[in-house]
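*Asks:* Structure in structure tokens, see below.
The values are calculated or read from the model by the stated rules, or taken from the named source; none is laboratory data. As the structure is a prediction and not an experimental result, all values here were calculated from the model. Cβ coordinates were reconstructed from backbone atoms using ideal geometry, including for glycine residues, and neighbour counts include every protein chain displayed.
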Amino acid sequence: MSKPQKPETVVRNAIRETLLRIGVMVMTNAQIGRTHHGGLGCGSSDLVCCIRGRFVGLEVKTTTGVAAANQLAWGERLEENGGVYAVVRTPQEAVEVVQRVIAEARAA
């Protein structure tokens, strides 16, 4: 019998599936425990996307979840380097980020 998924995992999977359905290149960032992270390192976003050539990091939280200091710092570094970072709680919020990135690319 499989373990029930954590609430944040359920939200992350729903966001990922929604983004894939609308054609976004999105990958789940590997997380290995609380102190050691695979993938992009400690504090990195749960989902990473490439949208119109922009690196987008989406930190997934439940309605009551709060981003940790190292997650926010990672997001700041990403934005300083031309990427986009957002904390999202629903598939709709993630779609809004995607729409904003696409609109910015069109305006450039």
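*Asks:* Just name the residue that is modelled with the highest pLDDT out of those in segment 4-36 that are part of a loop (DSSP other than H, G, I, E, B) and in contact with a strand residue (DSSP E or B) (Cβ under 6 Å, 6 or more places away or on another chain).
*Replies:* Looking at the filtered set, the residue picked out is 24.
*Asks:* Here is a follow-up. Which one is surrounded by the most Cβ atoms within 10 Å (Cβ to Cβ), of the residues in segment 74-85 that are over 14 Å from residue 29 (Cβ atoms) and within 14 Å of the chain's Cα centre (by Cα)?
*Replies:* 84
*Asks:* Ok, one more. Taking the residues in segment 39-55 that are closer than 19 Å to residue 9 by Cα and either surrounded by fewer than 13 Cβ atoms within 10 Å (Cβ to Cβ) or of a type in the set (Val, Ile, Thr) (or both) as candidates, determine which candidate is modelled with the highest pLDDT.
*Replies:* 48
*Asks:* List pairs: first residue in segment 84-107 and within 14 Å of residue 12 (Cβ to Cβ), second residue assigned to a loop (DSSP other than H, G, I, E, B) and of a type in the set (A, V, I, L, M, F, W, C) anywhere in the structure, Cβ distance under 8 angstrom, at least six positions apart or on different chains.
*Replies:* 87/67
*Asks:* Could I ask something else about it? Provide a single number: the residues in segment 41-57 that are out of contact with any Lys or Arg (no Cβ under 9 Å at 6 or more places or on another chain) and either within 16 Å of residue 97 (Cβ to Cβ) or free of Cβ contacts under 8 Å to residues at least 24 places away in the same chain (or both).
*Replies:* Counting residues in segment 41-57 that are out of contact with any Lys or Arg (no Cβ under 9 Å at 6 or more places or on another chain) and either within 16 Å of residue 97 (Cβ to Cβ) or free of Cβ contacts under 8 Å to residues at least 24 places away in the same chain (or both) gives 10.
*Asks:* Another question about this same structure. Could you list, in sequence order, all residues of segment 61-85 that are out of contact with any strand residue (DSSP E or B) (no Cβ under 6 Å at 6 or more places or on another chain) and of a type in the set (A, V, I, L, M)?
*Replies:* Correct list: 66, 68, 69, 72, 73.
*Asks:* Yes or no: residue 14 surrounded by 13 or more Cβ atoms within 10 Å (Cβ to Cβ) and under 14 Å from the mean Cα position of the chain (by Cα)?
*Replies:* Yes; evaluated as a whole, the condition is true for this residue.
*Asks:* Would you check which residues across segment 75-108 are assigned to a helix (DSSP H, G or I) and of a type in the set (Val, Ile, Thr) and list them?
*Replies:* Result: 95, 97, 98, 101, 102.
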